[in-house]
1. Could you tell me the calculated FRET efficiency between Lys180 and Arg97, based on Cβ-Cβ distance and R0 = 45 angstrom, to the nearest 0.05?
2. Expressed in nm to one decimal, what extension gain is obtained for the pair Asn138 and His43 from 0.36 nm per residue of sequence separation less their Cα-Cα distance?
3. I need the phi-derived Karplus couplings for the range 118-134: 6.51 cos²θ - 1.76 cosθ + 1.60, θ = phi - 60°, integer Hz, Gly and Pro marked x.
4. Pull out the extension gain between Ser56 and Leu157, defined as 0.36 nm times the separation in residues minus the alpha carbon to alpha carbon distance; nm, one decimal.
5. Could you list the trypsin sites (Lys or Arg not before Pro) in the range 84-117 that lie in coil according to DSSP, counting only those with at most 16 other Cβ atoms within 10 Å of their Cβ?
6. PRE reach from Lys203 (point 7 Å along Cα→Cβ): which of the range 174-188 fall under 16 Å by backbone N?
7. Which angle between 0 and 90 degrees, to the nearest 10, do you get for helix 164-174 versus the longest principal axis of the chain when only C-alpha atoms count?
8. Work out, step by step, the length gained on full extension between Thr111 and Asn82: first 0.36 nm times the residue separation, then minus their alpha carbon distance; give nm to one decimal.
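Computed from the coordinates by the stated procedures, all read-outs in this text should not be read as laboratory data. Only a predicted model underlies this, so the values are computations on that prediction, with no experimental measurement involved. Backbone-built Cβ (ideal geometry, glycine too); neighbour counts: all protein chains shown.
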Amino acid sequence: MKRKLSGFYKKLYAAFGPQGWWPGDSPFEVMVGAILTQNTSWHNVEKAIGNLKESSVLQPNKLLKMGNARLARLIRPAGYYNIKTRWLKEFLRFFAREYNAKVSAMSSVQTSFLRGELLKVHGIGPETADSMLLYALNKPVFVVDAYTKRILSRHGLVKSDASYQEIQDLFRKNLKNSVKLFNEYHALLVKLGKDFCLKNKPKCQICPLK
């Protein structure tokens with residue numbers, strides 16, 4: 001399994017090169033983006049983030065004090081904007097209450113404890129929590145998404161009904177515990193899933209993993 005996963009990574013990196021993911025000007029922006037990107041494309045999230053930046057409100061305290069109606073209007077491009085407004089506010093209250101809205105305070109906390117705390121916040125599931133941990137806080141946690149599960153199941157590395165934890169453990173047990181590696185590997189899998197390993201009509205004949 002170690003050889004298989006390592007081989008996948010080498011092929012994907014050779015085909016696509018470094019992905020530079022997750023795009024964001026600050027760790028806080030990445031955390032906001034992780035919440036907004038649920039059930040939508042990154043293109044739509046960029047529009048919502050752009051609205052927050054143009055209004056000069058992409059700061060924890062400003063977003064927390066902002067009325068829900070205004071915040072919903074600003075993040076409307078990300079879809080499900082009323083729900084995501086509530087999710088953002090739940091996270092912001094947690095961030096302010098537990099860490100005084102400081103990324104440095106949050107990043108100093110032990111990974112497994114922080115993950116457990118994030119998962120208690122309404123609107124934050126495993127993928128969102130792990131995205132925050134890896135991409136915003138530089139914690140060595142592998143992010144599992146639909147692309148990852150689809151690719152691995154099609155290559156027979158996991159069952160189609162494998163759980164999030166089972167897939168995450170596969171990477172954790174067979175790869176070096178590295179933020180840089182986990183970051184790049186996940187981004188490469190996303191690239192493969194978006195461009196080749198499509199849900200319908202996958203481009204298997206020209207797949208880099210062929």
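1. Working: r = 32 Å, r/R0 = 0.70.
Given R0 = 45 Å and the Cβ-Cβ separation, E is 0.90.
2. Numbers: separation 95, 0.36 × 95 = 34.20 nm, distance 2.36 nm.
This chain segment gains 31.8 nm when fully extended.
3. Per-residue couplings from phi come out as 4, 5, 7, 7, 4, x, 10, x, x, 5, 5, 4, 5, 4, 4, 4, 6 Hz.
4. Details: separation 101, 0.36 × 101 = 36.36 nm, distance 4.56 nm.
The span from Ser56 to Leu157 would gain 31.8 nm if fully extended.
5. Numbers: sites: Lys84, Arg86, Lys89, Arg93, Arg97, Lys102, Arg115; in loops: Lys102.
Sparse-neighbourhood loop trypsin sites (Lys or Arg not before Pro): Lys102.
6. 188
7. 60
8. On the way: separation 29, 0.36 × 29 = 10.44 nm, distance 3.01 nm.
Gain on stretching Thr111 to Asn82: 7.4 nm.
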